[in-house]
Structure formats: structure tokens, C-alpha cells
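First comes the structure, then the notes that go with it.
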Amino acid sequence: MRAEMADLVERLKTGGKLFNALAKSQGVTFTRDNAGTLKDFNQANGYLIYKFNEAIEQIDRLNIERIENEKLQGVNND
């Protein structure tokens, strides 16, 4: 699960950069609606990246706790 989320974060970052580059390379002045839509997309993309990174950090913390608990149980069983 962690690896999939990390992959999604990288794809969202790369896709967001590509989308913005394509949008800006058209050489057209955006309408207010289009500019707002692009801004909304960037905010949503940033939010998803942030949330996926939070989930990755939580998975890392839980894995560390699990390993520490397993070590403690091994010591207590001896």
C-alpha cells in the first residue's frame, strides 16, 4: 500500500507539472473561468499529494511500532 501511494504522489506531481506546462504553452490568455479551473486543479492536486504523503508517513510510523512491539514480545517470550 505504501509503495502504491508513493507512486501516486510521484505521478500526481509529474502529471500536474505536465498539465500546467501544456496549459501555459498554448499561448492563449485564459478566460477567468479557465484560470479558475486551473487554479482549482492545482489546489486539488496539491491537496491529494499532501494527503497521500500523510498516509505514507502514518504507514511508516505504524510499521516502526509493529517492529518495536515484535521485538518487545520476543524479549518477553525469552
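The values are calculated or read from the model by the stated rules, or taken from the named source; none is laboratory data. All figures in this text were calculated on a predicted structure; none of them were measured in a lab. Note: ideal-geometry Cβ built from the backbone for every residue, glycine included; neighbour counts use all protein chains shown. For accessibility, only protein heavy atoms count, side chains too; no ligands or nucleic acids. Shrake-Rupley method; radii C 1.70, N 1.55, O 1.52, S 1.80 Å.
Projected onto the charge dipole of the chain (+1 at Lys/Arg Cβ, -1 at Asp/Glu Cβ, origin at the Cα centre), which of GLY74, GLY36, LEU12 gives the Cα projection farthest towards the positive end?
Checking the options against the dipole of the chain, the answer is GLY36.
Report the paramagnetic label zone for PHE41: residues of the stretch 2-16 whose backbone N is under 14 Å from a point 7 Å from Cα along the Cα-to-Cβ axis.
Under cut-off, by backbone N: 12-16.
Contour minus end-to-end for GLU65 and LEU48, with contour as 0.36 nm per residue of separation and end-to-end as the Cα-Cα distance? Show your work: numbers first, answer last.
Details: separation 17, 0.36 × 17 = 6.12 nm, distance 2.56 nm.
Between GLU65 and LEU48, full extension yields an extra 3.6 nm.
If you compute mean projected area of the Cα convex hull in nm² for the structure shown, which of [x] 9.0; [y] 5.7; [z] 6.7 do you land on?
From the options [x] 9.0; [y] 5.7; [z] 6.7, the structure gives [y].
Could you derive backbone 3J(HN,Hα) for the stretch 32-39 from the dihedral phi with the Karplus parameters 6.51, -1.76 and 1.60 (θ = phi - 60°), listing whole Hz in sequence and x where the residue is Gly or Pro?
4, 5, 5, 5, x, 5, 5, 5
Stretch MET5-THR31 to full length: gain in nm at 0.36 nm per residue minus the Cα-Cα span? List each step's numbers first, then the result.
Values: separation 26, 0.36 × 26 = 9.36 nm, distance 3.43 nm.
Result: 5.9 nm gained on full extension.
For the chain, with all protein chains present and a 1.4 Å probe, just round the carbon and sulfur fraction of the accessible area to a whole percent. Let's see the in-between values first.
On the way: 3640 of 6420 Å².
About 57 percent, which is the carbon plus sulfur part of the accessible surface.
Taking the Cα centre of the chain as origin, sum charge times position over the Cβ atoms of Lys and Arg (+1) and Asp and Glu (-1), and report the length of that vector in debye to the nearest 20. Mind showing how you got there, number by number?
Details: 11 positive and 12 negative charges, 119 e Å.
Taking the Cα centre of the chain as origin, the dipole is about 580 debye.
Over the chain, give the accessible area per residue in Å² for a 1.4 Å probe, as an integer. Let's see the in-between values first.
Working: 6420 Å² over 78 residues.
Here the per-residue accessible area is 82 Å².
What's the tally of Lys pairs in the chain whose alpha-carbon atoms lie under 24 angstrom apart, where the two lysines are 8 or more places apart or on different chains?
Details: LYS13/LYS24; LYS13/LYS39; LYS13/LYS51; LYS17/LYS39; LYS17/LYS51; LYS24/LYS39; LYS39/LYS51.
Counting lysine pairs in the chain gives 7.
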